[in-house]
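J.: Have a look at this one.
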Amino acid sequence: MAKLLQPWLKVDDTTFEFFPSDATGFPRRLPPARKIGLGRRALTGLIPSKKLSEGASARFESSLERDFFALLEFSNDVLGWDPQPVQIPVPGGRPYVPDVLVHWIGPSRALDSTESVLYEIKYRAELRENWSELLPRFRAASRYARERGWRFRLMTDDRIRTSALYNAKFLLPYLSDTPNEQDMLQLLHALGLLIETTPADLLRACTQDPWGQGRLVTSLWRMVAGRTVGADLTSKLTMNSVIWHVD
């Protein structure tokens, strides 16, 4: 019953297992992708986006594409992205359509410093198995991108399915929540005093009531998702992750 009565389950004196569905009252997940059928090898569907140049949803043709699109949607360094953006002629073969064109914000954060990269998303095993067939397409895409001042890159499962993806999937839905200004101010005040702490310690500093902590944690994750509260988003977030006050 402990899991049902408090926002996290105590493992030992210093470790807690966090159940986001208990803390918020409903499961947290990516915005639902409408399943529109199965392809020959993988799941296909739609993922909502606020960064698409055209339309409000992007079609994915594999779970790996869906995961990469989630990373793009969550990244603060991505200005916009366009799935299946161009059709590229391939000498002696069928036209080739890369998976996505991503417009990255440069280090200066100025709009005139963006860099566009054309991506093909593939499993490493598929690349090894079909390399001779895929290579002419990739060469054509590399030339096509270079002629337009873009770059062409391959993205594989080992680079996509990391702790950063876990965090993106976990935090993305919080960006759609309506902010609770009072809770956010309470958390920011406590964090300003602590400077650097953990989610578990911050919530305890705000209130000893587990239900109050469960309410506050929703606002806390929203602030982490919006980068109002700092955290290492390349490591899997837990209730014991280090978080800090962002000036």
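The values are calculated or read from the model by the stated rules, or taken from the named source; none is laboratory data. Predicted model only: the values in this text are computed from it and were never measured. Note that we place each Cβ from the backbone using ideal geometry, even for glycine, and neighbour counts take in every protein chain shown.
J.: So which of Ala140, Ala225, Ala168, Ala164 ends up being among the hydrophobic types (A, V, I, L, M, F, W, C), closer than 30 Å to Pro95 by Cα and touching a residue at least 24 places away in the same chain (Cβ under 8 Å)?
T.: Details: Ala225 fails: closer than 30 Å to Pro95 by Cα; Ala168 fails: closer than 30 Å to Pro95 by Cα; Ala164 fails: closer than 30 Å to Pro95 by Cα.
Only one candidate passes the filter, namely Ala140.
J.: Here's another thing I want to ask about it. Go through (1) more than 19 Å from Phe68 (Cα to Cα); (2) assigned by TED's automatic domain parsing to the domain that holds Leu220; (3) in a helix (DSSP H, G or I) and name the single condition Leu172 misses.
T.: (1)
J.: Right, something else. Out of everything in segment 125-166 that is of a type in the set (Phe, Trp, Tyr) and assigned to a helix (DSSP H, G or I), what residue ends up being nearest to the chain's Cα centre (by Cα)? Quick ask: steps written out before the conclusion?
T.: First, the residues of segment 125-166 that are of a type in the set (Phe, Trp, Tyr): 131, 138, 144, 150, 152, 166.
Still in the running and assigned to a helix (DSSP H, G or I): 131, 138, 144, 166.
On the way: Trp131: 29, Phe138: 26, Tyr144: 28, Tyr166: 7 Å.
The selected residue is Tyr166.
J.: Next up: Restricting attention to segment 97-124, which residues are among the hydrophobic types (A, V, I, L, M, F, W, C) and part of a helix (DSSP H, G or I)? I'd like the intermediate steps shown before the answer.
T.: In the first step, residues of segment 97-124 are kept if they are among the hydrophobic types (A, V, I, L, M, F, W, C); the result is 97, 100-102, 104-105, 110-111, 117-118, 121.
Selection gives Leu111 alone.
J.: Hey, among the residues in segment 20-78 that are part of a loop (DSSP other than H, G, I, E, B), over 22 Å from Ala225 (Cβ atoms) and modelled with pLDDT of 50 or more, which one's farthest from the chain's Cα centre (by Cα)? Give the steps one after another, and end with the answer.
T.: Of all residues in segment 20-78, those part of a loop (DSSP other than H, G, I, E, B) come to 25-34, 39-42, 49-51, 53-56, 61-62, 75-77.
Remaining after also requiring over 22 Å from Ala225 (Cβ atoms): 34, 39-42, 53-55, 61-62.
Add one more test, that the residue is modelled with pLDDT of 50 or more, and what stays is 41-42, 53-55, 61-62.
Working: Arg41: 24, Ala42: 21, Ser53: 18, Glu54: 20, Gly55: 19, Glu61: 18, Ser62: 16 Å.
Among those that are part of a loop (DSSP other than H, G, I, E, B), over 22 Å from Ala225 (Cβ atoms) and modelled with pLDDT of 50 or more, it is Arg41.
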